[in-house]
Amino acid sequence: MAEERTKTAEWTLSEEQLQLLSSEESCADFLFAAKWPDGFRCAHCGHLHAYKITTRRLPLFECSSCHYQESLIANTIFEGSRSDLRKWFHALLIVSHTTCGINAVQLSEAIGVTYKTAWLMLHKIRYAMSKADAGTMLSGIVRINSASYGHPHNPSVNRHIQEQPLLVGASLNAEGEPVYVKIKRVPDEHLQGKVLKPIGSQHFIEQYVEPKTDDLESITARFSSRRFQRLLSIAKKAGQWINTAYHGIGPKHLQAYLNEYCCRLNLDFQGGAIFRYLTQLCAAAAPITYPQLIRFPTTS
Ligand SMILES: [Zn+2]
């Protein structure tokens, strides 16, 4: 009960945030600034001026040169959603203001939507986070370590059914502190039991590390004395965070939750304002539908 109260308090919004949520227009203005931070730019011809057409629920922008019309939510994760922007922004504010994560049951109660709508909103937000992460490579001083999610105290070489081997990699600053972290599920084809094949770390390096990086070390032996304890501790905390907020996650959507954890952590390292940044990510990520999220879950 005490925990429930703490969480509710954490989701309490400031006057300024309540003001933002007070109308669809104020949310639309905020989204405009996130989508076009340097002002309108026509997606068709690049022209910088548009007429605003306000006869619909959400404004439509018509390029004054080529007359191409683009709605505010076109080409964003909000496209095709039946929820109004106020619900979306309420969800984004709550996601931004809780460090412990929020699950779909809690979100549906907090903003007054169905469980399915809340689930979809959270997955779309994670999708936007994953897209942003895909555009950032580890670079500079890079360290990688194997880790695991789900059943960490299994000393056997055989993989427990709930155990998911991971690779955690980080860019470090000169003091050896992580400044950007990625935690990725190891695909089954890169495993022998739960032991990583050499191709596993090769694949991680090819996919997630800047090619010119020359200060790179990867430790995959489970009992090596050279393991990077800081990285192991981050992977352990990610697992605890997922289990606390979401009560454990199966392999299908695990990567999306790991990306959410890393996105929050990386923003924390940078001291960024998470709400504004999240809105920008959501405005920059292409639309995705429920069937697509189910059929093609995030894998990287
Ligand atoms: Zn145009």
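Throughout, read-outs are computed from the coordinates displayed, never taken from laboratory work. Not measured: the values here are computed from a predicted model. Cβ sites come from the backbone with ideal geometry, for glycine too, and all protein chains shown count toward neighbours.
Once backbone amide H atoms are built at 1.01 Å from N, TYR180 has SER171 as its partners under 5 Å, excluding neighbours fewer than 5 places away on the same chain.
Counting charges near GLY46 (Lys, Arg +1; Asp, Glu -1) among other residues having Cβ under 13 Å from its Cβ returns a value of -1.
Prolate is the label for segment 2-134, because the ratio a/c of its alpha-carbon gyration tensor axes (a ≥ b ≥ c) is 1.5 or higher and a/b is greater than b/c. Close amide H contacts of SER71 (hydrogens built in the peptide plane, cut-off under 5 Å, sequence separation of 5 or more or a different chain): PHE61.
Could you list TYR246, TYR257 so that the one with the fewest beta carbons within 10 Å of its beta carbon is first and the one with the most is last? Walk me through the numbers on the way to the answer.
On the way: TYR246 17, TYR257 23.
Least crowded to most crowded, the residues run TYR246, TYR257.
Debye-formula intensities of segment 136-284, expressed as log10 I(q)/I(0) at q = 0.12, 0.18 Å⁻¹, are -0.50, -1.13 (one equal scatterer per alpha-carbon, no solvent). In sequence order, segment 241-258 has phi-based couplings of 4, 5, 5, 6, 6, 10, 6, x, 10, x, x, 4, 10, 3, 4, 4, 6, 4 Hz under the Karplus curve 6.51 cos²θ - 1.76 cosθ + 1.60, θ = phi - 60°, and Gly or Pro positions carry x.
Using θ = phi - 60° in the Karplus curve 6.51 cos²θ - 1.76 cosθ + 1.60, the 3J(HN,Hα) couplings for segment 32-38 round to 4, 5, 6, 6, 10, x, 9 Hz; x is entered for Gly and Pro. Phi angles of segment 214-231 translate, via the Karplus equation with coefficients 6.51, -1.76, 1.60 and θ = phi - 60°, into HN-Hα couplings of 10, 9, 10, 9, 10, 10, 10, 5, 5, 10, 5, 6, 9, 4, 8, 4, 4, 6 Hz per residue; Gly and Pro are given as x. Less than 5 angstrom separates the built amide H of LEU191 from those of LYS197, all sequence-distant by 5 or more or on a different chain.
Could you line up LEU120, LEU216 from fewest to most neighbouring Cβ atoms inside 10 Å? The partial results should precede the final answer.
On the way: LEU120 19, LEU216 16.
Ranking LEU120, LEU216 by Cβ neighbours within 10 Å, fewest first, gives LEU216, LEU120.
Once divided by 2.2 N^0.38 Å, the Cα radius of gyration of the chain becomes 1.09. Taking the fewest neighbouring Cβ atoms within 10 Å as the starting point, the ordered list for HIS253, HIS44 is HIS44, HIS253. From most to least packed by mean Cβ count within 10 Å, the peptides 204-214, 87-97 give 87-97, 204-214.
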